[in-house]
Amino acid sequence: MFEFSATASIAAHGLTLADLMEAVRFVLDMGLHVVGIASAVAALTPTPRDGGGALGRLYRLIDILALNVGFAKDRPANGLRLRLPR
C-alpha cells in the first residue's frame, strides 16, 4: 500500500521541515517589508490628479503593493465621499 507523508517527501529531496519553515518565514518577512515600504511611499506622496501616464500607473502599482484598496485610498479629486446615515 502506498502511503504519502509530507515529511518523507521533503526529506527525500534533501530538505528538512526546518528548511521549509525558514523559507515560509522569509517569504512572509519580505512580503511585509514590501507592503510597509509601499505604504510609506503612498502616504508620503500626493495622489496624481490624472490617472493616465506613467506616473499614474506607477502610483496605482504602489497602491496595490501597499494594499490600499477601496476606501483605504485617498479621496478622488471629484470630492466623492462616503455618507453615513445618522
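Rule-based calculations on the coordinates, nothing more; no lab input. None of these values were measured; they are calculated from a predicted model. As a convention, Cβ positions derive from the backbone with ideal geometry for all residues, glycine included, and neighbour counts pool all protein chains shown.
Assorted remarks:
- Computed packing ranks the peptides 14-24, 59-69 as 59-69, 14-24, most packed first, by mean other Cβ atoms within 10 Å.
- Largest-first ellipsoid semi-axes for the range 23-72, taking √(5λ) over the Cα gyration tensor eigenvalues, angstrom: 24, 10, 9
- Estimated at 0.36 nm per residue, the fully extended path between M21 and A54 surpasses their Cα-Cα distance by 8.0 nm.
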